[in-house]
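These notes are about the structure you will find just below.
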Amino acid sequence: MRHVALIAGAAATALVAAGAITYAVAEDDGGSSNSPAPTADSADAGFARDMAVHHQQAVEMSYIVRDRTKNVEVRRLAYDIAQTQANQRGMLLGWLDLWNLPKVSADPPMTWMGMGDMASGKDGALMPGMATNTELKKLNTLSGKPAEVFFLQLMTDHHKGGIHMAEGCVDKCRVGVEKRLAQGMVDAQQSEIQLMADMLKERGAKARS
């Protein structure tokens with residue numbers, strides 16, 4: 001429980017800072033009047049588009065499990081993930097608006113990383129780590145401990161894929177505030193992966209990979 005409380009505190013801090021980060025981008029490199037905004041095919045725009053989609057599924061999974069279990073620890077983790085990632089998704093989409101860029105692209109996901117062929121999109125898994133439509137339907141049929149375990153396994157995979165993409169932005173994006181947000185995602189999701197590993201162990205299970 002103590003670990004979840006720490007995660008909750010970190011999530012609250014991120015939410016408080018979110019507004020400042022959103023407005024700061026207009027004055028940061030890539031958004032100031034002395035520097036051109038990112039282009040549609042830039043890493044900055046690609047990361048914003050792809051991570052917004054990636055985050056949306058995490059929010060969806062979190063709300064599913066919240067209604068499938070009464071376990072306080074899992075429900076609190078799910079709530080923290082949903083609130084944090086929904087807020088970050090809003091920031092990412094907001095930046096695209098600030099840059100006057102489209103929120104969708106004809107290019108495959110992760111093209112900005114040079115990895116447009118990484119995910120086939122089969123059964124709804126548009127990017128590495130994302131759950132398939134079949135897996136989401138399964139989560140909706142479970143309850144109690146089985147739902148908790150499956151959610152923790154799915155979210156662990158999801159975080160691993162998200163970390164990989166966020167690290168790509170840290171390396172390739174040029175807007176400073178976006179790079180810092182990406183690094184914050186890496187740090188927070190690595191902590192949550194460890195937390196979820198402990199929670200799975202408590203339930204006699206482990207991550208799928």
(message) Counting heavy atoms of the protein chains only and a 1.4 Å probe, report the per residue accessible area for region 118-199 as a whole number of Å².
(response) 41 Å²
(request) In whole Hz, with x marking every Gly and Pro, tabulate ³J(HN,Hα) for region 99-108 from phi via Karplus 6.51 cos²θ - 1.76 cosθ + 1.60, θ = phi - 60°. (result) 8, 6, 10, x, 8, 10, 9, 6, 6, x
(message) I'd like the carbon and sulfur percentage of the solvent accessible area for region 103-209, probe radius 1.4 Å, heavy atoms only, ligands and nucleic acids excluded.
(response) 53 percent
(message) Could you order the peptides 100-108, 129-137, 157-165 from most to least packed, using the average number of other C-beta atoms within 10 Å per residue?
(response) 157-165, 129-137, 100-108
(request) Would you mind working out the accessible area per residue for region 41-102, using a 1.4 Å probe, and quoting it in Å²? (result) 38 Å²
(request) Could you grab the Rg to Rh ratio for region 152-209? Cα atoms only, Kirkwood for Rh. (result) 1.10
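Local charge sum around residue 183 (other residues, Cβ-Cβ under 11 Å, Lys/Arg +1, Asp/Glu -1)?
Taking every other residue near residue 183 into account, the sum is -2.
The values are calculated or read from the model by the stated rules, or taken from the named source; none is laboratory data. The model shown is predicted, which means the values in this text are computed figures rather than measured ones. Positions of Cβ are backbone-derived with ideal geometry, glycine not excepted, and every protein chain shown enters the neighbour counts. Ligands, DNA and RNA are stripped out before the accessible areas are found, and what is left, the full protein with its side chains, is counted by its heavy atoms. Shrake-Rupley method; radii C 1.70, N 1.55, O 1.52, S 1.80 Å.
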